[in-house]
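So the structure is just underneath, and the comments pick up after that.
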């Protein structure tokens, strides 16, 4: 327990005298370095969280939170399966879909395509409000109309406009396990933009019944997709549905389907955290250097305190107080500054762009034209605790060195 005398002496040593101005300057630099490192970590992690959220929303704008299907990747009685999925608490909507891979052609242009066959009515409830339709809407996908909706980049690569015809080349499985190429003609009735290249440049939507006919499924579908009320609960809901329905029902969710994207973001966050933590590390070494110089300068004072009866542990606590105050004040300022900056990134970045005269993320290069920020309390708490611990550990060596001062040797020539 730190006594009032130890606290008083430790705080008193923070005040600069004329001969210790250089030591106090290093102390100030240490405090500012810790504050800068903590603030930078909070802001960068908030921006990375924002990009992760932006990526998640764009990924899920054209796909569901999870899906359930049979062991053969087809669902025979998909209508009852939709009802069973919607009956699960936490599920907002569900709809069937058929997935096909192949090629799409218009004139001499030939591109790879991933085709989703959807039911326009049920799909409207599932993701209709999230799809950014540039032209047309999901209602154009009526059975027998041979309508197709393409991503903006895919339509641009094919050079097609609304009303133009395209040809789908789909490999259809036949009875002996081989694939048989099937050519199907469709008319472009809509264009969407998800803001994600894998969707805008690869995905096409057609009517689910027409897709099932092409694949030879009859009245079957590939799977039933669902959207949860809370996207973070989708993995748990997918497991619950599979366990409740049992049999040959299998399930998956968006965290499995898009694991590589979010793994890349986690790695980037970890590396950015390690790099920016070096700022705090350098500042902690500055605390060590400044306290060592204080110990050297205060050798006689330490000897007097020891002569008056202060124990070596008391001397340790005196210098621990001095170093801890430097570190903790720096952490407090850094947390305050970082939280304010992270909450105001959408305001600060446009101001800087206007002052500096250039756009940080131009729309013709990036899908995301603004820098998002999503402050999380867990990140702030982790950074604060880690900085507190690091700055506290930085005081141990100088404090221990001060405790080893021999009063007789220090006062020999006084």
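The values are calculated or read from the model by the stated rules, or taken from the named source; none is laboratory data. Bear in mind the structure is a predicted one, so any value in this text is a computation, not a measurement. Reconstructed Cβ throughout: ideal geometry from the backbone, glycine too, with neighbour counts over all protein chains shown.
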Subject >> Hits in the stretch 357-379 - residues which are out of contact with any helix residue (DSSP H, G or I) (no Cβ under 9 Å at 6 or more places or on another chain) and at pLDDT 75 or above >> reply: 377, 378
Original post:
Taking the stated definitions as given, is residue 330 over 18 Å from residue 50 (Cβ atoms), assigned to a helix (DSSP H, G or I) and modelled with pLDDT of 80 or more?
Top reply: yes
Original post:
Hey, residue 224 hits all of (1) modelled with pLDDT of 85 or more; (2) part of a loop (DSSP other than H, G, I, E, B) but one; which does it fall short on?
Top reply: (2)
Subject >> Which numbered condition residue 218 fails, given (1) modelled with pLDDT of 80 or more; (2) farther than 18 Å from residue 92 by Cβ; (3) outside the structural domain of residue 325 (by TED's automatic domain parsing) >> reply: (1)
Original post:
Among the residues of the stretch 230-246, how many are outside any helix (DSSP H, G or I) and in contact (Cβ under 8 Å) with a residue 40 or more places away in the chain?
Top reply: 1
Original post:
Would the stretch 119-132 turn up any residue that is within 20 Å of residue 185 (Cα to Cα) and touching a residue at least 24 places away in the same chain (Cβ under 8 Å)?
Top reply: yes
